[in-house]
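In what follows, a structure is listed as structure tokens, so that the remarks can point back to it.
The values are calculated or read from the model by the stated rules, or taken from the named source; none is laboratory data. Computed from a predicted model, the values in this text were never measured in an experiment. Backbone-built Cβ (ideal geometry, glycine too); neighbour counts: all protein chains shown.
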Amino acid sequence: MQCLEKLNASTKLKKRKKVPWGKREESNIENWEEIRCKIADVLIECETLKKNCDNCQAEKAVIRCTSCVQAFCFQCDINIHMNDPFHDRISYENGFGLPLSCCESLDENFAIQNQEKIIKFSYDCCTVCSSTLKEIVPTKESCVVLNIKGRFDINKYIYVCSSCGSKYDPFNLKCILKSNYWPGTPSSISLIIDVELFRMWDLLRKRSPGIAENCFLQSLGDYSKLNNRLKIENYLLRIMLSDNVH
């Protein structure tokens with residue numbers, strides 16, 4: 001019994017002393033000051049391009065993808081981001097970084113060149129022979145995509161069946177809706193909008209009722225410009241602000 005009383009006494013929690021808010025804030029600032037130099041060193045290291053490509057481990061790294069958090073040679077960058085245009089990438093030359101738009105890449109001489117970029121839409125099988133084997137053939141037409149990261153200009157394309165050679169245009173209402181996008185106009189699909197962008201706007205205006213939709217879209221355009229992408233032009237703003245799009 002005496003042992004139990006000693007055990008209870010030793011494990012009894014002491015009341016925590018209340019520390020004034022000012023003291024807590026002062027301590028927090030001191031903690032940040034202690035690691036300030038470490039943060040700077042890590043950020044500088046992040047901005048330093050690796051010597052070799054993270055993918056092939058052989059060629060010189062010339063592009064850093066902030067979405068993949070990896071560095072790539074020019075060819076691996078093309079191969080990896082051909083079907084994934086929504087990654088923000090930075091090219092490096094003479095130690096300076098330059099943001100690349102989604103339709104830009106580097107050639108073997110490390111010069112900026114235009115590059116075809118696509119997004120894959122839902123595709124079940126060939127409507128003629130039911131084969132699932134297909135080839136993607138980009139066209140000269142372009143399409144604007146708006147998502148929570150701003151504006152992206154991509155190439156349109158067609159699916160060509162590898163079995164019978166029939167062609168299928170995925171830029172239609174059914175494919176776009178099944179792929180979680182929304183058409184900007186019902187007739188000519190030159191603008192598609194990620195459904196997540198509508199969800200983001202809906203949540204934002206419920207939390208901030210005074211915010212204007214026009215300002216929200218212009219902020220997306222500003223973010224696009226930061227990453228060397230085209231701004232959201234006025235005609236796109238008018239389409240997005242249309243009640244029919246919502």
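Does Tyr223 satisfy being assigned to a strand (DSSP E or B) and either modelled with pLDDT of 85 or more or within 24 Å of Lys120 (Cβ to Cβ) (or both)?
no
I'm trying to understand the selection: among the residues of the range 115-140, which are hydroxyl-bearing (Ser, Thr, Tyr) and touching a helix residue (DSSP H, G or I) at 6+ places or on another chain (Cβ under 9 Å)?
The answer is Ser122, Tyr123.
So, in the range 8-65, of the ones that are modelled with pLDDT of 85 or more and of a type in the set (Gly, Ala, Ser), which residue ends up nearest to Ile112 (Cα to Cα)?
If we take residues in the range 8-65 being modelled with pLDDT of 85 or more and of a type in the set (Gly, Ala, Ser), then Ala61 is nearest to Ile112 (Cα to Cα).
Can you find even one residue in the range 41-50 that is at negative phi, surrounded by 13 or more Cβ atoms within 10 Å (Cβ to Cβ) and among the hydrophobic types (A, V, I, L, M, F, W, C)?
Yes, the conditions are met somewhere in the range 41-50.
May I ask you to list pairs of residues, at least six apart or on different chains, whose Cβ atoms are under 6 Å apart, with the first in the range 177-191 being touching a residue at least 24 places away in the same chain (Cβ under 8 Å) and the second being surrounded by fewer than 16 Cβ atoms within 10 Å (Cβ to Cβ) and part of a loop (DSSP other than H, G, I, E, B)?
Pairs found: Lys178/Ser122; Ser179/Ser122.
Would you mind telling me which numbered condition in (1) modelled with pLDDT under 90; (2) outside any loop (DSSP other than H, G, I, E, B); (3) farther than 25 Å from Asn114 by Cα Lys140 fails?
(3)
Across the range 84-111, what is the number of residues that are surrounded by 13 or more Cβ atoms within 10 Å (Cβ to Cβ), of a type in the set (A, V, I, L, M, F, W, C) and either farther than 21 Å from Thr48 by Cβ or assigned by TED's automatic domain parsing to the domain that holds Val145 (or both)?
The number of residues fulfilling the criteria is 3.
Give me a count of the residues in the range 124-156 that are more than 21 Å from the chain's Cα centre (by Cα) and closer than 17 Å to Asp84 by Cβ. First the steps, then the outcome.
Keep residues of the range 124-156 that are more than 21 Å from the chain's Cα centre (by Cα), which gives 124-141.
Now narrow it down to the ones that are closer than 17 Å to Asp84 by Cβ: 136, 138.
Count: 2.
Which of the residues belonging to the range 226-246 are modelled with pLDDT of 85 or more and not in a loop (DSSP other than H, G, I, E, B)?
Leu226
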